[in-house]
Amino acid sequence: MNAAPTTHSASLVRAGTATPQIAILGAGAAGLCMAIQLKKAGINSFTIYEKAGSVAGTWRDNTYPGSGCDVPSHLYSFSFEPKHDWSRKFARQPEIEAYFQHCAEKYGLLPHIRFNTEIAEAAFDEEEALWRIRMTDGEEVSAALFISGAGQLNQPFTPHLEGIENFNGAAFHSARWNHDIDLTGEKVAVVGSGASAIQFVPEIAPKVEHLTLFQRTPNWVVPKADRPYTRLEKALFKRFPALAKLHRYMIYLTLERNFLAFLKDSFFGKLFEKAARKEIESHIEDPELRKKLTPDFPAGCKRILLSNDWFPAMARPNVSVETAGIDHVEDGALIGKDGKAHAADVIIYGTGFKATDFLCPMEIKGLGGRSLNEAWREGAEAYRGVAVSGFPNFFMMYGPNTNLGHNSIIFMIECQVNYIMQCVQALIGKDLAYVDVKPDAMSAFNTQLQEDIKKSVWASGCTSWYKTESGKITNNWSSFTMKYWWQMRRADLAHFVQAVKRRRKTPNLQAAD
């Protein structure tokens, strides 16, 4: 499905062009939320550029067996668009994808979306106060504002295995699952044991001849309080929306408390460890396997995972766990660093994403042609996760240091959209050319954030996708989400350079008619 750039309000489009004034990157949860709030504010001249052929972002891409959310369904949805008939407490991928498709259709966003259109680069033209945006097919457009909803988990990471070119079987990443491959009776090698592997390994283990899991480090895995919602519960949520709101709020408070587990040497962290150890002991009898599956770092240093079937899968007779690492690949086998050969017909990478490579491989240039990659050479950072100094009228959702280990990212996205909307309204109301966060404001914010992060288990010795190779934590928010909400409730424009618009024959940005 391809939709041309929408031009609902001629007053918002430069004369002689069909260029939208607001360009949104990505039609995942963040991009859709931003677009909905723009429409609610009467701002209709925006286009969402989506490189794939449909909406829902990560929930469109991750279709592997068992794919689902580790945040309860009623909280992993927009506050303004509740879904009262979630099938279970923790929804699976098809239901979540359908929810975001529903949102796109209900709020009339599909005509605003350019599907199969990927942005290659964007550069800010200070003279015209416009973002010049070029697509991978060479098409060029301009926009007064450039807003990214790309997120942190959209670029699969596939490690290079020496000799992989010699492997004649199928090999694919879990985020690009090959559904044409029937794994029944096959010998499968799974590389990686992170959040995706935790979900798909138990699904495929019963059908394969043998599954070899190549694990670099184990995870703290705790039980998942999942079950289907009853017909009565769904009926009550629909009949009494206030009850559904209360249910959502109670989920939020329960998860918010869990942030305490991410503080160094915390009591709650030890509770998570105790629950995880109990799970291991109840399912794994072999002491050697127990040792392999028990982390040697504090709970929360890496992502705490939820599963009821991970350890039972590890205990299956047709599953083996290898920790020696992979030396190289041969046709039909992976050779461990200990010299052991492990037969394989299929290789599945459960190796996660390039989470610290924000917005790559796009090239984004701000004032003076400065590259965002250069600005972030020591690790990505932003002002409150939404703006970067020197890049006017450029905003992000789910940007640096806004990921969570304990609550719903949808909550964070709604805070960010609220903040960005206030900036948009200021541009309109004050007739500004652009706003650009001041360097000292951004520096002060990140200095305090990194000081707060030092108190967390993420700053412990383990490696994780939360941090760069140098050890800088670029992904996670440093405190409770309530603190983030408080900081984001009002856009303090005193922290921004407010550039007065040069007078032109045509307006740059104004309210919709």
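The values are calculated or read from the model by the stated rules, or taken from the named source; none is laboratory data. Predicted model only: the values in this text are computed from it and were never measured. Note that each Cβ is placed from the backbone with ideal geometry, even for glycine, and that neighbours are counted across all protein chains shown. In case anyone asks, the SASA skips ligands and DNA or RNA and just uses the protein heavy atoms, side chains included. Shrake-Rupley method; radii C 1.70, N 1.55, O 1.52, S 1.80 Å.
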Please give the direction-averaged projected area of the C-alpha convex hull for segment 400-504, in square nanometres with one decimal.
8.0
How large is ³J(HN,Hα) for each residue in segment 420-432, as worked out from phi by the Karplus curve 6.51 cos²θ - 1.76 cosθ + 1.60 (θ = phi - 60°), to whole Hz, x for Gly and Pro?
5, 4, 5, 5, 4, 5, 5, 4, 6, x, 9, 6, 8
So for segment 115-186, what are the equivalent ellipsoid semi-axes in whole Å, largest first, each being the square root of 5 times an eigenvalue of the Cα gyration tensor?
40, 14, 12
Rg and Dmax of segment 319-409, Cα atoms only, in Å:
20.4, 56
With a 1.4 Å probe and all protein chains kept in place, how much accessible area does residue 294 have, in Å² rounded to the nearest 10?
40
Sort 493, 271, 145 by accessible area with a 1.4 Å probe, largest first.
271, 493, 145
Given a 1.4 Å probe, the accessible area of the chain per residue, as a whole number of Å², is 42
Rounded to two decimal places and with Rh computed the Kirkwood way over Cα pairs, what is Rg over Rh for the chain?
0.98
Probe 1.4 Å, all protein chains present, accessible-area order of 296, 85, 70, largest first
296, 85, 70
P(r) of segment 277-330 over all Cα-Cα pairs, 5 Å bins starting at 0, rounded to whole percent, reads 4, 15, 26, 23, 17, 9, 4, 1
Over all pairs of different Cα atoms in segment 195-303, the reciprocal of the mean inverse distance gives a Kirkwood radius in Å of 17.0
Kirkwood Rh and Cα Rg combined as Rg over Rh, evaluated for segment 448-502
1.15
Solvent-accessible area of residue 77 with every protein chain in place, 1.4 Å probe, in Å² to the nearest 10
0
For residue 398, tell me the accessible area in Å² from a 1.4 Å probe, rounded to the nearest 10.
30
Calculated FRET efficiency for the pair residue 126/residue 217, C-beta based, R₀ 56 Å, to 0.05
0.75
Accessible area, probe 1.4 Å, largest first, for residues 135, 250:
250, 135
Here the Cα Rg-to-2.2 N^0.38 Å ratio for segment 376-457 is 1.17
Relative to the present Cα-Cα distance, how much length would full extension add between residue 357 and residue 485 at 0.36 nm per residue of separation?
43.5 nm
Using every pair of alpha-carbon atoms in segment 140-227, split the distances into 10 Å bins beginning at 0 and state the percent of pairs per bin, rounded to integers.
11, 38, 29, 12, 9, 1
Before rounding to the nearest 500, sum -39500 (n - 2.57) across all DSSP H runs of length at least 4 in the chain and divide by the residue total; then give [θ] at 222 nm in deg cm²/dmol.
-8500 deg cm²/dmol
So which lysines pass the test for residue 430, namely a Cα distance under 30 Å, with those fewer than 8 places away in the same chain ruled out?
39, 40, 365, 438, 483, 501, 505
Carbon and sulfur atoms: what percent of the 1.4 Å accessible area of the chain do they account for?
52
quick shape note, segment 308-359: Cα extents on principal axes in Å, largest first -> 40, 33, 20
